[in-house]
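FYI, it's all coordinate maths here, none of it is from the lab. Treat the numbers as computed from the prediction; the structure is a model and nothing was measured. Positions of Cβ are generated from backbone atoms using ideal geometry, with glycine treated the same way; all protein chains shown enter the neighbour counts.
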Amino acid sequence: MSEKADSIIGIGTHIVVNISFSGDMRIDGPVRGDVTELGNEPSTLILSDRPCGGDDKSF
């Protein structure tokens, strides 16, 4: 994996969608939906171990 992720979903961002990615992706915020890797090249998905506001009832 490179030093820099190709795609980032930052903490405090709430995503309600299905995500398809290639390369490296880091997710720091909550995602509701499917996350899938595309293509024939190796990909890396990094999930944050930081709390992401689980008390937020609007998500």
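Structure above, values below:
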{"quantity": "Table column - 3J(HN,Hα) (Hz), region 17-26, Karplus curve with 6.51, -1.76, 1.60, x for Gly and Pro", "calculated": "5, 8, 10, 10, 9, 9, x, 10, 9, 10"}
{"quantity": "Sum of side-chain charges, THR44 neighbourhood, beta-carbon under 10 Å (Lys, Arg +1; Asp, Glu -1)", "calculated": "-2"}
{"quantity": "Built amide H within the under 5 Å cut-off of ILE46, gap 5+", "calculated": "MET25, ARG26, ILE27"}
{"quantity": "Table column - 3J(HN,Hα) (Hz), region 32-49, Karplus curve with 6.51, -1.76, 1.60, x for Gly and Pro", "calculated": "10, x, 8, 10, 10, 9, 9, x, 9, 8, x, 10, 10, 10, 10, 10, 5, 9"}
{"quantity": "Rg/Rg_ref, region 7-47, where Rg_ref = 2.2 N^0.38 Å and atoms are Cα", "calculated": "1.11"}
{"quantity": "Amide H contacts under 5 Å for SER22, placed H, 5+ residues apart", "calculated": "LEU38"}
{"quantity": "Relative contact order computed over region 7-47 (Cα-Cα under 8 Å; 6+ residues apart), in percent", "calculated": "42"}
